[in-house]
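This report concerns only the one structure given below.
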Amino acid sequence: RRVLFRSVRYTLHFVSFETIRDINSKISKGYAGTISDIVEKFIKNDLKSPKDVIIEKTKNTIIYTSNYWSPFTNINFLAKRSISASGTDSPNYLFFENNRGYNFISLDKLLEFDSRASYTYDNNTRKPNNLDFKNSIYPNY
């Protein structure tokens, strides 16, 4: 997109290699066993991910046939049906990626961890008092 005369601005979008594999693979196969074992198969065999994987064990088993879904779609489908082997009987699993790798873990287990940061949301807009905005990109300060 043109910004100024003789200048062009580009927007780059990045995704992981696993996302490319996920987009390009559709699975039609039957699975049986605990959901946590099936999720591990999707990540290791279908996504072929070298990243670390944290999977909390589930107590429920399932006989499951993938209906030409991608690995991520299958894992999210199974997360809604997963019950923790060590917690309450509520189906509250999440599947996500962070800087440590892939995580398939229950909300109960996440809440057991210590918080690393706290954030405060405030609807009010205020001018910061102790910041120097003379040379900033904010012209109104």
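Name the residue, out of GLU97, GLU112, GLU18, whose mean-square fluctuation peaks in a Gaussian network model built on the chain with Cα pairs under 10 Å.
So, out of GLU97, GLU112, GLU18, the one fluctuating most is GLU112.
With each label point set 7 Å from Cα along the Cα-Cβ vector, what nm distance links GLU97 and ALA85?
The modelled label-to-label distance comes out at 2.6 nm.
Taking the radius of gyration and the Kirkwood hydrodynamic radius from Cα positions alone, what is the Rg/Rh ratio for the stretch 10-70, to two decimal places?
Rounded to two decimals, Rg over Rh is 1.06.
Could you check the simple spin-label distance between HIS13 and TYR119, using points 7 Å along Cα→Cβ, in nm with one decimal?
Distance between label points: 2.2 nm.
Kirkwood hydrodynamic radius of the stretch 70-127 from all distinct Cα pairs, in Å?
Details: mean 1/r = 0.0724 Å⁻¹.
13.8 Å is the Kirkwood radius here.
Sticking with the crude label model, points 7 Å out along Cα→Cβ, report the distance from ASN45 to LYS59 in nm, one decimal please.
Those two pseudo-labels are separated by 2.7 nm.
Determine ³J(HN,Hα), in whole Hz, for all residues of the stretch 52-60 in sequence, where each value follows from phi through the Karplus function 6.51 cos²θ - 1.76 cosθ + 1.60 and θ = phi - 60°; x replaces Gly and Pro.
Per residue, the Karplus-derived 3J(HN,Hα) values read 5, 10, 10, 10, 7, 5, 10, 9, 8 Hz.
I'd like to know how the chain sits against the 2.2 N^0.38 Å rule of thumb: what's its Cα Rg over that expected value?
Numbers: Rg = 22.0 Å, N = 141, 2.2 N^0.38 = 14.4 Å.
Against the compact-globule rule of thumb, the ratio is 1.53.
So which chymotrypsin sites (Phe, Trp or Tyr not before Pro) in the stretch 19-71 are both in a DSSP loop and have at most 15 other Cβ atoms within 10 Å of their Cβ?
TYR68
Considering the chain as a Gaussian network with a 10 Å cut-off on Cα pairs, which listed residue, ALA32, ALA117, ALA85, attains the greatest mean-square fluctuation?
ALA117
Every number in this text was worked out from the coordinates using simple rules, so none of it is lab data. The shown structure was predicted, so the numbers you read here are calculated from the model rather than taken from an experiment. Note that we place each Cβ from the backbone using ideal geometry, even for glycine, and neighbour counts take in every protein chain shown.
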